[in-house]
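Colleague: So that we are looking at the same thing, I have put the structure below in structure tokens.
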Amino acid sequence: MNLRNQWPVLPIVAGLASGLLTACGTETGASGDSGSSVVMGMSDDVMATDPASGYDPGSWLLFNNVFQSLLSFPKGSTEPQPEAARNCSFTDTETKVYTCTLKDGLKFSNGDALTSKDVTFSFERMLKINDDAGPAIMFPMLQKVEAPDEKTVVFHLNTPDATFPSKLASGAGSIVDHTQYDADGLREDGEAIGSGPYTLDSFSVDQAVFSVNENYQGTADVKNSGVTLKFFHGDQPALKRALLDHKVDIAYRGLAAGDIAEIEQGDDSGVEVVEGSSAEVLHMVFNMDDPVAGRLGVRKAMAYLIDRDALINDVYQGTATPLYSIIPAGITGHNTAFFDTYGARPSKARAAAALAADGISGKVKLTLWSTPSRYGPATDALLKAIAAQLNASGLFDADMRSVAFDQYEKDIADGRYGVYVKGWVPDYPDADNFTAPFFGKGNVLDNHYRNSTITGTLIPRTAAQTDRAATEPDYGKLQDLVADDLPVLPLWQAKQYAVTREGVYGLEYCLDASTVFRFWELSKS
């Protein structure tokens with residue numbers, strides 16, 4: 001997500017259906033009679049209740065539970081399956097025409113029928129509004145959407161895109177009621193009208209309350225009577241206290257590494273840590289136009305000196321894993337290009353040789369730029385630790401500076417920083433989502449990196465390949481080129497954690513590679 005600006009998720013092997021998609025579960029409607037209401041706390045905020053705007057983890061959590069998409073990711077799967085659609089498929093040989101047929105009897109939570117008109121309206125509206133904080137950036141390939149009848153939707157793409165089904169299955173594919181939303185502007189009343197398993201009963205600064213949508217027709221089997229989501233606005237100690245004081249049943253997204261370690265090692269038998277691996281990543285980004293960071297010798301020296309294992313142990317206390325490529329482990333196409341090129345152990349000799357080869361003598365003066373909370377509570381500490389590692393070599397005079405996120409983004413766009421960090425939570429579990437947004441046109445890194453082989457050949461060719469396993473050679477070459485050019489330096493891949501009170505079940509079905517947190521899987525005894 002737009003360096004989906006915050007924190008944790010999960011991997012597995014990516015695979016996309018290129019032909020007819022058929023449902024992979026029993027068709028059900030929401031019931032909610034079999035369980036109690038669940039209270040969940042998280043440090044993230046929900047930035048938007050309107051799907052044309054939100055492009056952050058909190059907002060997508062809301063969208064995935066209140067709105068339906070044509071397709072969705074079943075629990076434990078990275079292959080999209082029908083949700084509001086009965087079936088979907090590419091109906092041409094170039095993967096440029098994608099056709100979906102809606103299920104019968106679909107309704108929004110207010111009782112309005114959901115038809116193909118609502119689907120075309122939702123996509124046309126999102127693209128027309130083109131909100132800076134919205135997901136329209138995901139659909140540069142979408143030329144037009146047609147509704148030849150009430151049940152049929154036809155997407156016309158201007159370039160082949162075999163990952164289009166996964167984009168539809170993400171929060172960006174949320175369908176809104178065309179009678180309840182303005183075609184030209186965002187909804188600002190904090191309400192949401194969708195056809196998903198839940199209705200949004202209320203939304204305020206401190207909490208959102210969800211109840212079961214009795215009009216829902218889809219694949220989710222709801223196991224509770226509702227969910228209350230409490231917001232802690234980045235206050236990790238308050239979230240921890242709320243969990244230990246029985247004020248929330250689940251703490252999700254935002255507990256500090258030390259808190260998780262303390263809870264795991266503690267003697268409170270009523271609290272359990274649920275762990276999952278994650279496809280969330282953090283990269284150090286280099287401004288290729290910067291007079292210092294723009295020099296390959298400097299970037300290579302840094303790649304030779306940074307000790308990821310020490311950073312994971314000292315800063316994250318084992319709650320992340322070292323990352324050696326731009327495509328994380330568990331995603332089809334992943335390799336270890338940075339490990340193969342620069343190794344895992346610091347080498348002052350190789351770093352010094354890289355600087356000398358670029359004609360650089362004396363200590364390299366460098367500022368590492370951070371933002372205090374956007375990419376996790378330990379980001380400032382991470383950059384300080386990296387500066388210390390660089391300085392310990394005697395080759396650098398590095399420091400760290402931290403600024404508020406709004407200023408941070410503005411300064412990056414203005415080219416004021418040479419080295420900075422960016423985090424990424426995937427929109428969908430495919431290597432395309434870790435490459436095209438970083439290196440394609442209008443990329444989110446803002447670091448002035450250009451490689452015509454990547455943008456002109458590898459990204460278009462992998463996007464058009466319906467057999468996603470067949471993309472591995474091209475993605476391998478892409479990762480090797482990035483390791484050689486060093487526009488970014490991958491640092492870590494997150495693990496995902498949720499901490500729950502005794503008697504709460506289903507979290508293992510909420511923490512997978514799709515990044516979908518499924519309220520309906522939660523139950524409480």
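The values are calculated or read from the model by the stated rules, or taken from the named source; none is laboratory data. Worth saying up front: this structure is predicted, and the values here are computed from it rather than measured. Every residue, glycine among them, receives a Cβ derived from its backbone with ideal geometry; neighbour counts consider all protein chains shown. Each accessible area value is taken on the protein alone, full model and side chains, heavy atoms only, with ligands, DNA and RNA left out. Shrake-Rupley method; radii C 1.70, N 1.55, O 1.52, S 1.80 Å.
Colleague: So what is the accessible area of the stretch 141-202 per residue, in Å², with the probe set to 1.4 Å?
Modeller: Heavy-atom SASA per residue in the stretch 141-202 reads 37 Å².
Colleague: Follow-up. Which residues in the stretch 299-317 have a backbone N closer than 20 Å to a point placed 7 Å from the Cα of Ala388 along the Cα-to-Cβ line?
Modeller: 302-317
Colleague: Do the sum for the chain: with -39,500 (n - 2.57) for every DSSP H run of n ≥ 4, divided by all residues, what is the mean residue ellipticity at 222 nm, to the nearest 500 deg cm²/dmol?
Modeller: -7000 deg cm²/dmol
Colleague: Additional query: May I ask you to work out the translational diffusion coefficient for the stretch 402-459 at 4 °C, viscosity 1.567 mPa s, via Stokes-Einstein with Rh from the Kirkwood sum over Cα pairs, reported in whole µm²/s?
Modeller: This corresponds to a translational diffusion coefficient of 101 µm²/s.
Colleague: Still on this structure, please answer the following. Considering only DSSP states other than H, G, I, E and B, which trypsin sites (Lys or Arg not before Pro) in the stretch 209-293 qualify as loop sites with at most 14 other Cβ atoms within 10 Å?
Modeller: Lys247
Colleague: Still on this structure, please answer the following. As an exercise, find the ratio Rg/Rh for the stretch 239-302 from alpha-carbon atoms, using the Kirkwood inverse-distance average for Rh.
Modeller: Computed over Cα atoms, the ratio is 1.29.
Colleague: Of Phe139, Gly105, Pro82, which is farthest on the positive side of the dipole of the stretch 41-155, counting Cα position, with +1 on Lys and Arg Cβ, -1 on Asp and Glu Cβ, and the Cα centre as origin?
Modeller: Gly105
Colleague: Taking every Cα atom in the chain, find the radius of gyration and the maximum pairwise distance Dmax, and write them in Å.
Modeller: My reading of the Cα-based Rg and Dmax gives 22.9, 72 Å.
Colleague: List the lysines whose Cα sits under 27 Å from the Cα of Lys144, skipping any in the same chain fewer than 8 residues away.
Modeller: Lys144 reaches Lys96, Lys103, Lys107, Lys117, Lys128, Lys167, Lys441.
Colleague: May I ask you to list the lysines whose Cα is less than 20 Å away from that of Lys300, ignoring any residue fewer than eight positions away on the same chain?
Modeller: By straight Cα distance, Lys300 reaches Lys348, Lys363, Lys365, Lys384, Lys422, Lys477.
Colleague: Quick check for me: using +1 on Lys/Arg Cβ and -1 on Asp/Glu Cβ, what's the dipole size of the chain about its Cα centre, in debye to the nearest 20?
Modeller: Charge dipole, the chain, about its Cα centre: 1400 debye, nearest 20.
Colleague: Stretched out fully, how many nm does the piece from Arg350 to Tyr505 gain, at 0.36 nm a residue minus the Cα gap?
Modeller: Full extension from Arg350 to Tyr505 adds 50.7 nm.
Colleague: Which whole-number percent is the relative contact order of the stretch 405-525 (Cα, under 8 Å, 6+ apart)?
Modeller: Relative contact order, the stretch 405-525: 20 percent.
Colleague: Given charges of +1 on the Cβ of Lys and Arg and -1 on the Cβ of Asp and Glu, with all other atoms neutral, how large is the dipole of the stretch 315-412 about its Cα centre, in debye to the nearest 20?
Modeller: Magnitude of the dipole: close to 260 debye.
Colleague: Students often get this wrong: which residues of the stretch 174-204 have the backbone nitrogen under 19 Å from the point 7 angstrom along Cα-to-C-beta of Asp245?
Modeller: Output list for this probe position: empty.
Colleague: At 1.4 Å probe size, with no ligands or nucleic acids counted, give the accessible surface of Glu191 in Å², nearest ten.
Modeller: My reading of the accessible area for Glu191 is about 100 Å².
Colleague: Where the only charges are on Cβ atoms (+1 Lys, Arg; -1 Asp, Glu), what is the dipole of the stretch 228-287 about its Cα centre, to the nearest 20 debye?
Modeller: 340
Colleague: Now, a different point. Could you work out the equivalent-ellipsoid semi-axes for the stretch 147-279, taking the square root of 5 times each eigenvalue of the Cα gyration tensor, largest first, in whole Å?
Modeller: 36, 20, 16
Colleague: Could you work out what % of the accessible surface of the chain is carbon and sulfur, using a 1.4 angstrom probe and leaving DNA, RNA and ligands out of the count?
Modeller: 47
Colleague: With a 1.4 Å probe and every protein chain left in place, work out the accessible area per residue of the stretch 266-408 in Å², rounded to a whole number.
Modeller: Result: 40 Å² of accessible area for each residue.
Colleague: Can you tell me the accessible area per residue over the stretch 452-508, all protein chains present, probe 1.4 angstrom, in square angstrom?
Modeller: I get 36 Å² per residue for the stretch 452-508.
Colleague: Give me the accessible area of His156, 1.4 Å probe, in Å² rounded to the nearest 10.
Modeller: We get 40 Å² for His156.
Colleague: Oh, and also: Above 17 angstrom, tally the Cα pairs of the stretch 122-194 and express them as a % of all pairs, no decimals. Can you show the working numbers first?
Modeller: Values: 1239 of 2628 pairs.
The calculated P(r) of the stretch 122-194 puts 47 percent of pairs beyond 17 Å.
Colleague: Which one, Pro487, Ala208, Ala404, projects farthest toward the positive side of the charge dipole computed for the chain from Cβ point charges (K/R +1, D/E -1)?
Modeller: Pro487
Colleague: Separate question: Do you know the relative contact order of the chain, to the nearest whole percent, from alpha carbon pairs under 8 angstrom that are 6+ apart?
Modeller: 25 percent.
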